[in-house]
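The values are calculated or read from the model by the stated rules, or taken from the named source; none is laboratory data. Treat the numbers as computed from the prediction; the structure is a model and nothing was measured. No Cβ is skipped: glycine too gets one built from the backbone with ideal geometry, and neighbour counts run over all protein chains shown. All accessible areas refer to the heavy atoms of the entire protein, side chains included, with ligands and DNA or RNA removed. Shrake-Rupley method; radii C 1.70, N 1.55, O 1.52, S 1.80 Å.
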Amino acid sequence: MDFQHITIKLFAERADFELHELVPVFHRYIQRNALPGVMMIDVADYAHVPEGPGVMLIAHEGHFSFDVGAIRGDSAEPGVVYANKRKATGETVDRITRSLSFAVQLASLLENEPELADRVKFSTSRMLIRFDDFLLAGNDKESFEAVEADVVRALYATTGSKSLSLSPINNPKTGLTVEATIDGAPPLADLVARITDAAVA
Amino acid sequence: MSDSWKQRLIDEMPADLAREVDVFEQQMQLRRDSKLDEKIFAETRLRRGIYGQRYDNGQRHDGVAERVLPFPSDGLTKGPETVWDAPGMMRIKIPFGGLTPDQLDLLAEVADEYSDSILHITTRQDVQLHYVHIEDTPDLMRRLASVGITTREACGNSVRNVTCCPIAGVCREETFDVTPYSKALAYFLLGHPDCQDFGRKVKVAFSGCAGNGCGLTTMHDLGYIARVKEVDGEKINGFETYVGGGLGPVPHMAKLLYEFMPADEMMPVALAVCRVFARLGEKQNRNRARLKFLVAKLGIDEFKKLVEEERKILPHDDAWISWLTDVDQYKETPAKDGVPLNGTAKPDGYDAWAATNAYQQSQENYVTVTLALPLGDITTHQARELADITRRYCGDNLRTTVEQNLVMRWVSEADLVDLYKELEAIGLAEPGAGTIVDITSCPGTDTCKLGIASSRGLAAELRTRLAAKNASLDDAVKNLHIKVSGCFNSCGQHHVADLGFYGNSRNIGGFTVPHFQVVLGGKWEDNGGSYGLAIGAVPSKRIPDTVELITDWYVAERQGAESFQDFIKRVGKKTARAKLEPMMAVPSHDEDRSFYVDWSDAREFTIGDMGIGECAGEVVSQIDFDLSNAEREVFEAQLALDDTHYDQAESKAYNAMLIAARGLVKKQWQDVPEDADTVVKEFRARYYDTELFFDKYAKGKFAHYLFARHDQGDANGTAPSVDSARVLIEEAQLFIEAAHACDTRMAALPVS
């Protein structure tokens, strides 16, 4: 299936900062071209919206954000999000990996951001994957079974884990949403390295 | 499973809306192939609600330097200085603000897939989606069409969304429910041929009463206030009718056209106004092209005379009455019977919420509940949950408001506590609707190319501060309105606010510093009863303190129950300015850099990111549109030829010539009918016999292509073939080229 709008969310284990602090941080990422291969456009501040997209970094390829509930499972939790919006190529596994790669890159930048100095940390053992291609898939059992193998392959390949579980988040109104729990997931820095090495290879 | 939305929704889209989207998709292809002029395409997409956003010229100042945004568009544009791949905005008209739960669910879907998971309610009851790519717009429009929504004429030089009091039909003070009238006029004018040749947009509003006047009719091009008149013992519904209002940089109060206009004259008079505007309105100088300038120039008496003359010659249209056939039967159906509030225990926060957000309807035991949305924004999750809540509590009865909120109508009183709890659980139970904390703001520099200062950033800051001290605010202050615009164009409607602000800038020590002009004493009530006074420009970062200064001053020095408007009028502009002077100081850049950075931003402030606004649309003449449509028809003929549908190819090629010919005839006779016999006859008389269509070398040769095909009719027994279809297509293309040349020659002629 030709999924384009694949969203990945990495949950924050720690987020001891105010959302508005991210505004100058994201502007600096644009100045420094901190996300290689990404055409960053602007920063959108939605901090005023409860359980919303938080602060977003709008790029041509898709939307990055520190999200506080717009992308959610059964409940709103903060985390870094990458939502793909433009044409993605390759197999579904490649597209999932690509979205994950972008989310991981932003998470890594934030964890290493001097302005946030140890006030943010992301889990790599739990993440949300959402497919907002409503023509191709509803949020139902059949669609979940159709993507399950690709999600598992992508996560095994990137994390190196040997064991993970996928739980569909059953809201018939949203895009197909899956929560992944990954045993033995590497720390974020290692995950970044693994994904980068795989891309080079 | 279908492989396209077009296929999937084929049975769910009204045929006319489906066709519109197909046409637009073809126009996109013609633009990609450089076969459609960028200016025409820009106006075409604007008239489908597809708007540009900041930085779509491919440049952005990142706080250090101006940078090129390397969109992969390869030079392709979607309008003058507007890069094809730059994200844009989709404006979605919601006529009279009427929104159903099904529509809300669909809006949430498309916002997740194509946008940033936020639905934004505008100051004209529209819904906007931001950061939408133009390639996604046809499918987006198809999905909207499947729930009965069209984005047609949401932008551009057209009749924009027709707005209406959000409590029309449930208001305790209304004369009658204006909802069905606003709906009828909205759909009657949509795509109407007489509304396609404006130099600027036309805005229409309805109000059920003159007093509260939530419809703000005084600031609209066409405004209607419900009135009833007794004629021969019978009560007739009608409207106090206004024309020529508008905000913009210089606001104009609308002028009274009729003290009472019977409802059945609503359509023809609106058309007459539109035709006068199309004919006499300014089209070269965009800054003077609104209807308000024409009314001001002519004076209301002369304008009225012209309207009445136009009304007399209007060809009759049964639609004037047929659209109004069911107005008396219009009614909304509550989901539940109205039952009084019983002794249910009220949770914390309920009383404060109910005091401001629950409006007792004229119908016993029913309440209209306002959802005060922060800066008009609602997440897709909230929207989905709200759709289900609405179904349970009030059926289909949701409306958007010009204060960028939503209202749920027909809530049974007995359900209020439970409803409050459900709304609170999804973050939609903020109290303070319509009060000082409920601040209206245009998008400003967040996304608008014309934005000078961050209206949303300021509004968010004011909202936070005022909400924090709300409990301690004097009652006289709590009900003041604050409205913020990012520039002088007043999309935030700052002129009708008690405290209005519009963005500008000042040069301080070689730096550009964001400021807001302070506009005091505007009146929301009485349909936007009066406009505020511009007092002076204050640096953006001092505005929250300025609000505190002004409100404290008002509380301390008002006389008795003096309104804020009366207070400002009494103290006068000079005194008000003197009061604000201390706030106008800007510390040096070394002393306090924060003044040189706007709200919700981190970059050193610049006005370099402003671009060419699209609110003024592109002035494209009616003949340009007609010839563009003719070209599109020929394009479709070619597609049919490729598909070996030769009869369809010939039919479309012939139709293309008729469209072009009729376009030329319309320049002389606006109401020329569409039938082929009349079009050809009139074209022959006006353009061939007069030799207007002749060019220097080919003379009238190309006109004969049309005549020959018309004379042939369906009487020819020969079946269409690939050759006959190809020949006719080529002839049609030559005819259209000749029509273009004819138009160009005519434009160069001296005006008699």
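What the table below lists for this structure:
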read-out: Alpha-carbon Debye profile of segment A:33-148, log10 I(q)/I(0) at 0.16 Å⁻¹; value: -0.83
read-out: Radius of gyration and maximum dimension Dmax of segment B:310-438, Cα, Å; value: 18.2, 65
read-out: Stokes-Einstein D (µm²/s) once Rh is taken as the Kirkwood radius of chain A over alpha-carbon pairs, at 25 °C in 0.890 mPa s; value: 146
read-out: Residue B:691-residue B:321 FRET efficiency (beta carbon distance; Förster radius 41 Å; 0.05 resolution); value: 0.40
read-out: Solvent-accessible area per residue, Å², over segment B:106-192 with all protein chains present [probe radius 1.4 Å]; value: 17
read-out: 18 Å reach of a label modelled at residue A:167, 7 Å along Cα-to-Cβ, counting backbone N of segment A:1-25; value: A:9-13
read-out: Stretchable slack from residue B:10 to residue B:594, in nm (0.36 nm times residue separation minus alpha-carbon distance); value: 204.8 nm
read-out: Segment B:74-207: C-alpha pair distances exceeding 24 Å, %; value: 36
read-out: Relative packing of A:140-150, B:628-638, B:648-658, which averages over residues the other C-beta atoms within 10 Å, highest first; value: B:648-658, B:628-638, A:140-150
read-out: Gain upon complete extension [residue B:476, residue B:506; 0.36 nm per residue less C-alpha separation]; value: 7.5 nm
read-out: Cα gyration tensor shape of segment B:368-420, rounded if a/c is under 1.5, else prolate or oblate by comparing a/b with b/c; value: prolate
read-out: Tilt relative to chain A, helix A:22-32 - C-alpha long axis, 0 to 90 degrees, to 10; value: 90
read-out: Unmatched cysteines, chain B - criterion: no other Cβ of a Cys under 4.7 angstrom; value: B:155, B:164, B:171, B:195, B:209, B:274, B:394, B:448, B:487, B:615, B:742
read-out: Rg ratio (alpha-carbon, reference 2.2 N^0.38 Å) - segment A:148-201; value: 1.29
read-out: Local electrostatic count at residue B:58 - Lys and Arg +1, Asp and Glu -1, tallied over other residues with Cβ under 10 Å; value: -1
read-out: For chain B: relative contact order, % (alpha-carbon pairs under 8 angstrom, 6 or more apart); value: 11
read-out: Relative packing of peptides A:86-97, B:578-589 - highest average C-beta neighbours within 10 Å first; value: A:86-97, B:578-589
read-out: Whole-percent carbon and sulfur share, accessible surface of segment B:1-88, 1.4 Å; value: 48
read-out: Quotient of Cα Rg and 2.2 N^0.38 Å for chain B, N being how many residues it contains; value: 1.01
read-out: Segment B:593-661: C-alpha gyration tensor shape, a/c 1.5 cut-off, then a/b vs b/c; value: prolate
read-out: Long-range amide H partners of residue B:533 with built H, under 5 Å; value: B:520, B:521, B:522
read-out: Where segment B:403-468 is the region considered: accessible area per residue in Å², 1.4 Å probe; value: 25
read-out: Value of Rg/Rh across segment A:34-100 [Cα atoms, Kirkwood radius]; value: 1.00
read-out: Residue B:341 long-range amide H proximity, modeled H, under 5 Å; value: B:414
read-out: Tilt relative to chain B, helix B:722-748 - C-alpha long axis, 0 to 90 degrees, to 10; value: 60
read-out: Estimated Rh, segment B:237-290: Kirkwood, alpha-carbon pairs, angstrom; value: 12.5
read-out: Entries of B:39/B:297; B:292/B:569; B:292/B:331; B:183/B:229; B:93/B:283; B:35/B:652 with Cα pairs more than 27 Å apart; value: B:39/B:297; B:292/B:331
read-out: Where only C-alpha atoms are counted, convex hull volume of the protein assembly as shown per residue in Å³; value: 202
read-out: Residues with amide H under 5 Å from that of residue B:261, placed H, sequence gap 5 or more; value: B:239, B:240, B:241
read-out: Derived scalar couplings ³J(HN,Hα) [segment B:25-35; Karplus, 6.51 cos²θ - 1.76 cosθ + 1.60; whole Hz; x for Gly, Pro]; value: 4, 5, 5, 4, 5, 4, 5, 4, 7, 6, 9
read-out: In sequence order, calculated HN-Hα J values of segment B:445-454 (Karplus, 6.51, -1.76, 1.60; Hz; x Gly/Pro); value: 6, 4, 9, 8, 5, 8, x, 9, 10, 7
read-out: Threshold 50 Å², segment A:98-135 residues less accessible with all protein chains present than alone (1.4 Å probe); value: A:134, A:135
read-out: Principal axis dimensions, largest first and in whole angstrom, of segment B:152-280 by Cα; value: 42, 30, 26
read-out: Crossing angle, helix B:455-468 versus chain B [Cα axis fit, 0-90 degrees, rounded to tens]; value: 30
read-out: Estimated D of segment B:161-223 in µm² per second, where Rh is the Kirkwood radius over Cα pairs and Stokes-Einstein applies at 4 °C, 1.567 mPa s; value: 106
read-out: Share of carbon and sulfur in the accessible heavy-atom surface of segment B:395-539 [1.4 Å probe, %]; value: 49
read-out: Projected-area mean, segment A:1-70, by convex hull of Cα positions, square nanometres; value: 5.6
read-out: Net dipole in debye of segment B:491-569 [+1 Lys, Arg Cβ; -1 Asp, Glu Cβ; about Cα centre; nearest 20]; value: 400
read-out: Cα gyration tensor shape of segment B:432-528, rounded if a/c is under 1.5, else prolate or oblate by comparing a/b with b/c; value: prolate
read-out: Carbon/sulfur fraction of accessible area - segment B:301-349, other protein chains in place, 1.4 Å, %; value: 50
read-out: Neighbourhood charge, 10 Å Cβ-Cβ cut-off, centred on residue B:246 and excluding it, Lys, Arg +1 and Asp, Glu -1; value: +4
read-out: Gained length - residue B:621 relative to residue B:748, 0.36 nm times residue gap less alpha-carbon distance; value: 44.2 nm
read-out: log10 of Debye I(q)/I(0), alpha-carbon scatterers only, for segment B:1-114 at 0.11, 0.21 Å⁻¹; value: -0.49, -1.30
read-out: Note, ³J(HN,Hα) from phi for segment B:238-255, Karplus 6.51, -1.76, 1.60, rounded to Hz, x at Gly and Pro; value: x, 9, 6, 10, 10, 9, x, x, x, 8, x, x, 10, x, 10, 6, 5, 9
read-out: Two-decimal Rg/Rh across segment B:217-344, once Rg and the Kirkwood Rh are taken from alpha-carbon atoms; value: 1.12
read-out: Residue-averaged 222 nm ellipticity for chain B, from DSSP H runs of 4+ at -39500 (n - 2.57), nearest 500; value: -11500 deg cm²/dmol
read-out: Two-decimal Rg/Rh across segment B:524-633, once Rg and the Kirkwood Rh are taken from alpha-carbon atoms; value: 1.21
read-out: 10 Å Cβ neighbours from other chains, averaged over peptide A:173-183; value: 2
read-out: For peptides B:345-357, B:689-701, B:525-537, sequence by mean Cβ density within 10 Å, most packed first; value: B:525-537, B:345-357, B:689-701
read-out: Per residue value of the accessible surface for segment B:1-96 (all protein chains in place, 1.4 Å probe), Å²; value: 42
read-out: Cβ-derived FRET efficiency at R0 30 Å, residue B:701 paired with residue B:721, nearest 0.05; value: 0.80
read-out: Rounded accessible area of residue B:316 (nearest 10 Å², 1.4 Å probe); value: 130
read-out: Buried area at the A-B interface (accessible, heavy atoms, 1.4 Å probe, summed, Å²); value: 3500
